[in-house]
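See structure below.
The values are calculated or read from the model by the stated rules, or taken from the named source; none is laboratory data. What you see is a predicted model, and the numbers here were worked out from it, not measured in a lab. Using ideal geometry, Cβ is built from the backbone for each residue, glycine included, and neighbour counts are taken over all protein chains shown.
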Amino acid sequence: MSLQLGRTVFGDPANKGRVLSREDALELFNSWVLNPKLKLHMLQVAALMRSWAAEKEQLDEAGQWRWELAGLLHDADWDQWPDLHCKKIIEELEQRQIDSEIIRAIASHGHLHFGVIPETQMDKLLYALDELSGLIHAYSLMRPGGYEGMDLKGVKKRLKEKSFAANVSREDIADACERAAIQLDDLIQFIIPRQALVAEK
Ligand SMILES: [Fe+2]
């Protein structure tokens, strides 16, 4: 099974600035994604993307929502249509005439799978935050206190253990940090406290 998208141009430039309302985005999210674990993952990545846009890129509310939206929908088709992963959500957003910047970020969140190289800052951060977020969440689930007291050292130890969260590609994480020109340690320290706010109670 190949998930390669076979193209690198997405959406229509005429749709620049068009986004889904929060209500419409949540409606799509809730009707397409049924698995609560996947939902939580997508909400975590959405929150991290919003925080990054606000704190590091200093974007206004509209900009923050664009980043959050890319995070919120990046795995929308993974639950019900794994064979069409990425393809289905991209086509849906194209049909809804959404800004190509957001569609492109989703299309490039796993370039080794989908064949689209992350280029923009939004592309790169979605790719980097997605991979690392999953590993950090898996770590929280095995700690008695969850996110409480979690530190950089502990996360790095788990990263070195190849058998821990083995489905999270260490190669992708290293590649993502390099592309985004971000130190792995900085990204881990960015994620821990922010993701803790979107954890299961
Ligand atoms: Fe993801």
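From Leu72, Leu48, Leu93, Leu59, grab the single residue that is farther than 19 Å from Leu197 by Cβ and in a helix (DSSP H, G or I). Step by step, each of Leu72, Leu48, Leu93, Leu59 is checked, and only Leu93 is farther than 19 Å from Leu197 by Cβ and in a helix (DSSP H, G or I). The set of residues from the range 29-83 being charged (D, E, K, R) and either exposed (fewer than 15 other Cβ atoms within 10 Å of the Cβ) or more than 16 Å from the ligand (Cβ to nearest atom) (or both) comprises Lys37, Glu55, Lys56, Glu57, Asp60, Glu61, Arg66, Asp83. If you go through the range 75-90 and keep only what is part of a loop (DSSP other than H, G, I, E, B) and of a type in the set (D, E, K, R), you end up with Asp75, Asp77, Asp79.
Taken over the range 160-182, the residue count meeting the criterion of being surrounded by 11 or more Cβ atoms within 10 Å (Cβ to Cβ) and under 23 Å from Ala46 (Cβ atoms) is 11. Residues of the range 178-196 that are in a helix (DSSP H, G or I), touching a helix residue (DSSP H, G or I) at 6+ places or on another chain (Cβ under 9 Å), of a type outside the set (D, E, K, R) and at pLDDT 95 or above: Leu184, Leu187, Ile188, Gln189, Phe190, Ile191, Ile192, Gln195, Ala196.
Of all the listed residues (Glu23, Glu57), the sole one being without any contact (Cβ under 8 Å) to a residue 40 or more places away in the chain, out of contact with any Leu (no Cβ under 7 Å at 6 or more places or on another chain) and of a type outside the set (Ser, Thr, Tyr) is Glu23.
Among all residues of the range 103-111, there is at least one that is surrounded by fewer than 24 Cβ atoms within 10 Å (Cβ to Cβ), assigned to a helix (DSSP H, G or I) and within 14 Å of the ligand (Cβ to nearest atom).
Checked against (1) surrounded by 15 or more Cβ atoms within 10 Å (Cβ to Cβ); (2) over 21 Å from Leu197 (Cα atoms); (3) of a type in the set (Ser, Thr, Tyr), Thr8 meets all criteria but (1).
Annotation note: Cβ proximity below 7 Å between a residue of the range 131-142 that is within 13 Å of the ligand (Cβ to nearest atom) and a residue that is modelled with pLDDT of 95 or more and of a type in the set (Lys, Arg) (sequence gap 6+ or interchain) occurs for Leu135/Arg158.
Residues are listed down the side, and each one gets a yes or a no for (1) farther than 27 Å from Gln189 by Cα; (2) at pLDDT below 95; (3) not β-branched (Val, Ile, Thr):
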| site | (1), (2), (3) |
| --- | --- |
| Glu92 | yes, no, yes |
| Ile98 | yes, no, no |
| His109 | no, yes, yes |
| Ile117 | no, yes, no |
| Asp123 | no, no, yes |
| Leu126 | no, no, yes |
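Within the range 21-45, the residues that satisfy the criterion of being assigned to a loop (DSSP other than H, G, I, E, B) and more than 14 Å from His74 (Cα to Cα) are Ser21, Leu34, Asn35.
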